[in-house]
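In what follows, a single structure is set out as structure tokens and then discussed.
The values are calculated or read from the model by the stated rules, or taken from the named source; none is laboratory data. These numbers come from a predicted model, not from an experiment. Only protein heavy atoms, including side chains, enter the accessible area calculation; ligands, DNA and RNA are left aside. Shrake-Rupley method; radii C 1.70, N 1.55, O 1.52, S 1.80 Å.
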Amino acid sequence: PRSVPAVSPQIGSHRDISHESLSLFRLLEPRIEILVLGTGDRVERLHPAMLKQMRECGIAVEVQDTANACATFNFLMSEKRMVAAGLIPP
């Protein structure tokens with residue numbers, strides 16, 4: 001079995017999202033297929049290299065404002081999809 005690192009990066013805003021903070025999602029078992037990121041009150045752009053790295057690991061990333069990210073996460077869960085969410089409070 002894989003062990004998950006005990007690192008809990010502090011994410012206060014979309015500027016704090018990094019390769020390291022997303023690494024936990026790449027370690028989850030069973031593997032997720034979609035990561036829904038809620039970036040607070042509004043949609044914020046993430047660095048394209050981070051999104052590309054996640055795609056290369058087989059994980060699609062959907063970036064939305066947090067309210068819509070919650071709704072998207074719930075919808076995907078209702079479809080029994082392998083999904084995880086990272087949500088920054090609005």
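Tabulated data for the structure shown
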{"item": "Kirkwood hydrodynamic radius of the chain, from inverse mean 1/r over distinct Cα pairs, in Å", "result": "13.3 Å"}
{"item": "The range 34-74 shape via C-alpha gyration tensor axes, a/c threshold 1.5", "result": "oblate"}
{"item": "Å² of accessible area per residue within the range 25-87, as computed with a 1.4 Å probe and no ligands counted", "result": "59 Å²"}
{"item": "Rounded percent of accessible protein surface that carbon and sulfur make up, the range 25-87, 1.4 Å probe", "result": "55 percent"}
